[in-house]
Amino acid sequence: MFGSLKSRYEILDDTSLLQRFRETSNLELLGVLYHRYMHLVYGLSLKYLKDPEDSKDAVMQIFENLSTSVANQDIRNFKAWLYTVSKNHCLRVLKNRQLRTNVEAIFMESDEISTLNGEIDDDYEKIINAALANLSIHQQECLKLFFYENLSYQQISEETGYDLKKVKSYIQNGKRNLKLYLDGHER
C-alpha cells in the first residue's frame, strides 16, 4: 500500500505526528502514522472478515476515512483508537453482509426474482437503507431485530413489548414493503 515509506517524519512519535497532521493536513504525516500500524489493521480485518482481499480493502477504506476521523476526535493513544476504528469498520462490513444475505432471502421467497439482477454492489446498501427508512417505525424495529440480531418472533415480542401477533404482522408487512420498494429500484 505505502511501499517502502521513508520519510523525515518517521522519527516523530504518534502524538507529534497527529498534532502536526491536524495543523497542516499533510497526508504524508498521516501515512507515516498509519503505516506503523497497518499490519495490525490487516490482521484484525483478517480475523473478522476471514478473507484476504476483503481485509486489504478494509485497510484501504480505513485509511481513506482516517483524515476526517482524526480531525474530529480527541485521540490520546492512536494505536488503541485505530484498533477501535478498525474493529468497528469490520463489524459494519459484517453487519452489511448479514443484511444483504437476509434481503436476498426475502427475494428467494418470491418465485419472480432471486436478487436484484443477480449482482449486489456497494450501492445496494444505500438502497436497502432507503428501503428500511420507508418502513414504519415498528416494522423497522422488528425487522432489524429479526435480521440483525436473529431474534425469534417471541424474543422480539419480549424485547419490544409488542403483542406476538403484532410482531408477526410487522415483520411480514415490513418484508413485503421492503420487497416492493426494492422491486421498484431494480437496476
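What follows is calculated from the coordinates using simple rules that are stated; it is not laboratory data. Treat the numbers as computed from the prediction; the structure is a model and nothing was measured. No Cβ is skipped: glycine too gets one built from the backbone with ideal geometry, and neighbour counts run over all protein chains shown.
At 0.36 nm per residue, and after removing the present C-alpha to C-alpha distance, how many nm does the segment from residue 163 to residue 57 gain when stretched out fully? Present the calculation step by step, with values, prior to reporting the outcome.
On the way: separation 106, 0.36 × 106 = 38.16 nm, distance 4.33 nm.
Here the answer is 33.8 nm.
Centre-to-centre, using Cα atoms only, segment 24-68 and segment 132-187 are separated by 35 Å. Full extension of the segment from residue 24 to residue 91, taken as 0.36 nm per residue of separation minus the current Cα-Cα distance, would add 21.0 nm. In what order do 60, 38 fall by count of nearby beta-carbon atoms within 10 Å, going from fewest to most? Result, fewest neighbours first: 60, 38.
From least to most packed, judged by other beta carbons within 10 angstrom and beginning with the fewest, 86, 67, 45 follow the order 67, 86, 45.
Beyond 32 Å between alpha-carbons counts as too far, so tell me which of 87/168; 50/175; 50/79; 126/166 fall in that bin.
Distance filter (> 32 Å) returns 87/168.
Cβ crowding within 10 Å ranks 54, 183, 163 as 163, 183, 54, fewest other Cβ atoms first.
Annotation: amide H of residue 151 within the under-5 Å range of 146, sequence separation 5 or more or interchain, hydrogens built in the peptide plane.
A simple spin-label model places pseudo-atoms 7 Å from Cα toward Cβ; at residue 101 and residue 8 they are separated by 5.1 nm.
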